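Working notes, beginning with the structure itself.
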Amino acid sequence: MMQKYVETKEEYKDCILFYRLGDFYEMFFEDAKICSQELELTLTGKSCGLEERAPMCGVPFHAVDGYLNKLVSKGYKVAICEQVEDPKLAKGLVKRAVTRVVTPGTNLDTKALDESRNNYLMCVVYTTNAYGVSYVDVTTGDYYLAEFESENQLLDEIGKVVPSEIICNDPFLVSGIDFADLQARLGMVVSAIDAWYFDEDKCYDTLKHHFKVGSLNGLGLDGYSIGIIAAGAALEYLEETQKISLDHITKITPYVSDRYMLLDRATRRNLELCETMREKAKRGSLFWVLDKTKTAMGARMLRNAIEQPLLSKEEIDQRLDTIEALNQNAINREEIREYLGPIYDLERLISKISYRSANPRDLIAFRQSLSMLPPIKQVLNSFEEGTLLKQYGQEMDALEDLFALIDASIMEEPPLTVREGGMIKDGYNEEVDHLRRAKTDGKQWLADLLEKEKERTDIKNLKIKYNKVFGYYLEVTNSYKDLVPDDWTRKQTLANAERYTTPRLKELEDSIMGAEDRLCNLEYSIFCDVREKIYAQIGKVQTTAKIIAAVDMFASLALVAEQNNYVRPQITTDGKIDIREGRHPVVEKMIRNDMFVSNDTYLDDKKHKIAIITGPNMAGKSTYMRQTALLVLMAQIGSFVPAQSAQIGIVDRIFTRVGASDDLASGQSTFMIEMTEVANILRNATKNSLIILDEIGRGTSTFDGLSIAWAVVEYIANTKLLGAKTLFATHYHELTELEGKLESVDNYCIAVKEQGEDIVFLRKIIKGGADKSYGIQVAKLAGVPENVLKRAREIVQQLSDHDIASKAKDIEVEYEIPDYDYGIEQQSKRRVRKKTASEIESEKLGQLSLFDTSNTNIKMDDIILELHDINLSDTTPIEALNILYKMQEKLKERM
Ligand SMILES: Nc1ncnc2c1ncn2[C@@H]1O[C@H](COP(=O)(O)OP(=O)(O)OP(=O)(O)O)[C@@H](O)[C@H]1O
């Protein structure tokens, strides 16, 4: 047995092997150690012919689901090895085989999954210069494919889809994506699968075979090639590892990127669309505010809509019309929502039916859901001709025949198991009724026999009992033992009773038990037949489920709009964003008593492209900018928006660069991440994009930061270069000078009121630049000790006496200094460059006079060698000062 085990384990090296032994799944060796730790199981041992006993632990077969889910949710893959023949009939060792491999992306146990999100398995295939991607949710049958040219686009897609598991071919792993990092950061399992899965011909054949078509032409996949490979490989992998029917995957949808607004992964995270940045929680996200859906299907559709704002005015307007129609008829809306309440997850139920694991209770849940369809259809039909809702009403199949079928066949409260009978309703099948009667009549037969034997033997407390081992028997307590007649046969002796059978009792037992067995088998086959009949209509059920999801999503958006006083945005294509009295949808819910202060936004693609926003810390700059991005995004998903009025010119992309991101695990410095994101924005934004930049340049020295920020604004403002609409928050007040210099830049600030030494935040955005930073006042609010504040005030005073910033502007001094970035050979070569910010700052502080090496004949090499790793621009002024000071000391020594 252990030898067989080792052979099987060899085949499933990357999985934990659950090896079925009787009523347990056992794990051995390393697997046992992992499981004992992760599942808190006792580690025992088993002799296995080796010197040491094999570490072993096990879980009971009937409770396996919980343990499986625990392992899978921790990112393990589990191979289930079952006994595939009846142990009683086995000659020698019982045959065993792996029947399923459970992984995070293929978990079918819906109890373990978040119902408001899809559980995707993503397959990525990398060829010379493109990525083919496909993602499948086995629990719903959703199946997509896409193609991307760059790694960046692929990572954005991963950020959108958030699959639970990625499978890929080898080149993908070596193409530059660090999959261990991906695994750690995104918490998803990434693994390479065999190359044969990606064989092009085989992938085409897999798809043709699955969709039962002679060619792929009819599937709408024209123009896709590598995407098809990913799709074929994904399907093949599922077939191989799951060994379940995949018939519920009835269509494949190509992802059409020009239908949706492009949101990169940093923006998704920064805008907290479906989860918050830090806690990764739903509460505090846009989804949290907008989700009042009643069904799991509706929640998933809403989440997908939030992740994919639209670009077409027609499509957006159609959604807005739908919400308006629902709110003009709030009674209908609430009626629909009431009917939606009892609807279970039809998509996941029909998938369960498709892979034949649905039990009778699932069918009852299905029936209960179906019972709500006719009234919903009726309400939908009452909407005006031409509306989407009316269209849904007309298209929706209320599936009354399936309801009638389950209603007539399956009992109201059936057992969970399918093999023990008690599922099929009386009157549905004649033979079932007949066998049931035999069962009840059998009881009477037994009662009659008992009476007769009591009379004959005079054993007063004679009983007929039943157990699984002995079947029916007569039980006599010891006090009556002497009265037992000769024709009874003893079956068992207990401490104070004896058990007997008689020929007649045996006869009755046979017919009763026979009826029981036949009934169970018959009920099971009828149940399977009902399940098949439902399965036969899977296409209709899936279409109806999508309509229900959409209706639920719209009803939710409508209700949220009404409850929170949102307005319908006016969607245009003129590039103008004109929001009056806009509010942040999440922050306004988080703060108490309607304290949120609304603000206007005006941007266009001509004279008001860029708004530079200054104002003290805590004033509300970030909130304001995110609010603008969120309102545009909400409008483009077709939702009403929190404002008094909003005119939204469709944007093709939203980019954000906000605060420190949580990419620290990737091993990059904060400043490096900041600059990477800025670079990404400048490379990918178009003149129709909306860009949110929050304090860029903050991560480096003041002057470098200011210069970068300045140059970025210039670049964006220049129509020939970029010309995108931009909100730019900054603490560099110097940037406000750009208003005069660049035509399309406006200054705004968030107002505060001074009250003695303190400030009061007014949260109102007004024209003009802020005059002060109020950093110390905010530090006071945060509880920084008074003596620190006092000292800070003194330093501010000193610094402003020097007025570094204004003098810095005039400095154009150029002097010779080696460039540290050059190779050793070139280091003595003198280059001309301007002073760095740190040097100027140091100079102005009067603590160091800058040295000039031009009149000395010192070779710089030695000093440079020591300073080689130090980049001045990455240091604080004080550090820069120290470095320069050390250099000066060394120079003095040499001189
Ligand atoms: N319009 C508003 N109405 C009411 N409260 C607001 C408003 N805007 C912001 N706030 C509150 O002020 C807090 C600080 O806002 P925010 O983080 O946007 O400030 P900030 O100016 O970006 O600060 P910093 O420059 O320090 O990053 C928010 O958490 C929010 O609770």
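The values are calculated or read from the model by the stated rules, or taken from the named source; none is laboratory data. Here the structure is a predicted model, which means the values were calculated and not measured. Quick reminder, even Gly has a Cβ in these numbers, built from the backbone with ideal geometry, and neighbours come from all protein chains shown. Ligands, DNA and RNA are stripped out before the accessible areas are found, and what is left, the full protein with its side chains, is counted by its heavy atoms. Shrake-Rupley method; radii C 1.70, N 1.55, O 1.52, S 1.80 Å.
Odds and ends about this structure:
- Among the trypsin sites (Lys or Arg not before Pro) found in the stretch 438-482, those both in a DSSP coil and sparsely packed, with 10 or fewer other Cβ atoms within 10 Å of their Cβ, are Lys460, Lys468.
- The stretch 431-475 - accessible surface per residue (Å², probe 1.4 Å): 65 Å²
- Per DSSP, loop trypsin sites (Lys or Arg not before Pro) in the stretch 1-97 with at most 16 further Cβ within 10 Å: Lys13, Arg53, Lys74, Lys88, Lys91, Lys95
- Share of carbon and sulfur in the accessible heavy-atom surface of the stretch 583-660 [1.4 Å probe, %]: 48 percent
- Summing charges over all other residues whose Cβ lies under 11 Å from the Cβ of Glu236, with Lys and Arg as +1 and Asp and Glu as -1, gives -4.
- Nonlocal amide H pairs with Val567, under 5 Å, H built at 1.01 Å: Val641, Ala643
- Net +/- balance of residues flanking Ile353 in space, Cβ distance below 14 Å, scoring K and R +1, D and E -1: +2
- Carbon-plus-sulfur accessible fraction, the stretch 311-407 (probe radius 1.4 Å, protein heavy atoms only): 47%.
- The stretch 251-332, accessible area per residue, ligands and nucleic acids excluded (1.4 Å, Å²): 42 Å²
- A DSSP coil position with no more than 14 other Cβ atoms inside 10 Å describes the following trypsin sites (Lys or Arg not before Pro) in the stretch 601-637: Lys606, Lys607.
- Surface accessible to a 1.4 Å probe, Met122 within the full protein complex, Å²: 0 Å²
- Per residue solvent-accessible surface (Å²) - the stretch 495-599, probe of 1.4 Å: 43 Å²
- Taking amide H as placed 1.01 Å from N in the peptide plane, Met411 has its amide H under 5 Å from the amide H of Ile424, Lys425, each at least 5 places away in sequence or on another chain.
- Solvent-accessible area assigned to carbon and sulfur over the stretch 1-58 amounts to 47 percent, based on a 1.4 Å probe.
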